[in-house]
Amino acid sequence: MIPTYHHSSPLLAPALSENDLQKAILREIRRYSAASVVDAALRLLWAEYPNRLEALQTAPWHILLLVKWALRDPQVRLRIGRRITPQEFDNLRRGVQELVGSEYREHPPQNLHLMMRSHFQQFDFQRPEGWGVFRWPALIARESRSKPSQRQFLEYLGLPPEHFMDLAFGALAAGMSRAFPLSPNWFAQLRPAYGASIDAFWNLVARDLPGLRADLLREGQMQQLPLRQELYEAPYLKRYPLFKMRNGHYGTWHPLLLARSLEEIVHLKLTPLQGGYTEPFSRLFEQYVWQLAQTMSSNTIIEDEYCKIEGERAPVVEAIIPCGECNVFVEAKMALFGDDVLLTDNEMQAYQKTKRVRDGIKQAWKVGKSVRLPASRFSQCTRAAEDFLLVVTSRELFLGDGQKLLRLYPADKFNYPDEECRSNMPLHNVFILSVETYERLSVAVASGAVVLPLLLKEAVSKNKDPSTSAILFEDFFGKYVKSWGMTELLDSARKESQRRLAHAFGTSEDFFG
């Protein structure tokens, strides 16, 4: 979506190079106080627009980038200095848009498909609020307090998963009802039940302007994104969706940014642990994925059942759903998947950063050959004419299907092992989808709204035509469902959260409708 602006920018000459253009924008920002830049940004981010399209055309990711630059630059005074006018701020926004064009002209993309993926970050401002805020903490809450994931949650987030879910639910509700700014006593009624968890939650999700500056400067010393990636990154402020005002109240940058942040903040806070986080959590994630596969078919073969028959060393996927004429394999891939996976414009980097996805495809090829062996004890899979694969990732990677994945790589970097694998499961039969999309698919299949093998064949057919092709798998079945619904995990987590909150408020669960 191309943002529209209504004022020319007299400070920016069209002949400026990318480097000079960015310097000119930064010099202009230094004329104003950072607090006034924040105020100008908030006026646009919280304005009422006739529809989502017009709100999107303001390019909120660029507005938030200007806030980031103002706070990161120590030469921009936090509160002392001129207040920026709406027209002057509009000119800065136009400058950022011109910078996008300048960067493109000076560094034309070598791979257009990689370049297009970098634009998908703005989807965060198109997806409505959902119940994904419960996903990570609800999975971790399944564990006993002595398990690594539970211990990490308490140590690095500062409160139990259940308390996080309840307080995040409250903050999300405030964002959806446009109740911000919030008083520091907003959770006061919950204090007897939640105690120090309330302080831990505020500390987790909010920073004042000096605190944001300190964090930005510290992170900038460790690593700073190149400009071409910074222009398209998910807003840095997603790490702290609330900001603490001078009067002690809490504001939020954008209601949808708040929703996205609350969905991802557990992952973001545990990411520094690297494998110490991903290894134990992967088991929870994989279990969730095969449990959802079971809801789609009573004939689902899960990994444990498969290994009992084939042995622990056999190639395996999370689940196999036999569908007569085809097999549907499901493989979970949980990894850190940082923003650089989406932002890279280098084919070799794209290849390296998506290794986990390729590993899943290779596993499925091996399983497809194994179930067709004469000695296979999975007769329900043997006669299938073709296999499909759903690679369920812990984050939306905007990869689409296997053929689209191939376009991101250097030529001949990823090939079929043999003709049997090509025949059983061609790459156009592979779909890479986020856990959120997979949840929606499982609910749609379980409810009878869609028939899984028919949907997969339809998706393959549509992907062959550029006019009907899609990156997001939910685009293939959204038309068949009236509402996305919720998985049992999310629904139970929501109901339990409402029950706990109702008890703390001294009211009935009917209070939540």
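FYI, it's all coordinate maths here, none of it is from the lab. All figures in this text were calculated on a predicted structure; none of them were measured in a lab. Glycine also receives a Cβ, built like all others from the backbone with ideal geometry; neighbour counts cover every protein chain displayed.
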Order by protection proxy (mean Cβ within 10 Å, highest first), peptides 428-436, 445-453
428-436, 445-453
Directionally averaged shadow of the range 431-501, computed from the convex hull of its alpha-carbon atoms, nm²
5.4
Cα-based Debye curve of the range 274-482 sampled at q = 0.10, 0.11, 0.12, 0.16 Å⁻¹ gives log₁₀ I(q)/I(0) of -0.40, -0.49, -0.59, -1.10
Straight-line reach check, K23, cutoff 23 Å on alpha carbons, 8 or more apart in-chain or any other chain, hits among lysines -> K68
In whole angstrom, the spacing between the Cα centers of the range 61-98 and the range 36-51 equals 13
Helix-only CD estimate at 222 nm, as mean residue ellipticity for the chain, using -39500 (n - 2.57) per DSSP H run (n ≥ 4):
-15500 deg cm²/dmol
Longest to shortest principal axis, alpha-carbon extents of the range 377-513, angstrom:
65, 38, 28
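Mean shadow of the chain, computed from the convex hull of its alpha carbons, in nm²?
Values: hull surface 101.5 nm².
Answer in nm², one decimal: 25.4.
What does the charge dipole of the chain about its Cα centre add up to, to the nearest 20 debye, if the Cβ of each Lys and Arg holds +1 and the Cβ of each Asp and Glu holds -1?
Values: 63 positive and 60 negative charges, 230 e Å.
In debye, rounded to 20, the chain gives about 1100.
Going by how many other beta carbons lie within 10 Å of each one, how would you line up L399, L154, fewest first?
Values: L399 24, L154 17.
Fewest to most other Cβ atoms nearby, the residues stand as L154, L399.
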Here the equivalent ellipsoid of the range 56-156, derived from its Cα gyration tensor, has semi-axes (largest first, whole Å) of 37, 23, 15
Given Cα pairs under 8 Å that are at least 6 residues apart, what percent is the relative contact order of the chain?
14
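Can you put H113, H62, H254, H503 in order, fewest other beta carbons within 10 Å first? Display every interim value, and only then the final one.
Details: H113 16, H62 23, H254 26, H503 12.
So the residues, fewest neighbours to most, are H503, H113, H62, H254.
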Principal axis extents for the range 125-248, Cα atoms only, whole Å, descending order, please.
45, 37, 30
What does the charge count near I320 come to, summing +1 for each Lys or Arg and -1 for each Asp or Glu among other residues with Cβ under 15 Å from its Cβ?
-4
Out of residues 5 or more away from K333 or on other chains, whose amide H comes under 5 Å of its own, with H placed 1.01 Å from N in the peptide plane?
V392, T393, S394
Apply the Kirkwood formula to the range 14-97: the hydrodynamic radius equals the inverse of the mean of 1/r over all pairs of different alpha-carbon atoms; give it in Å with one decimal.
13.2
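Fewest to most neighbouring Cβ within 10 Å: what's the order for D359, D166?
On the way: D359 13, D166 25.
With the fewest neighbours first, D359, D166 line up as D359, D166.
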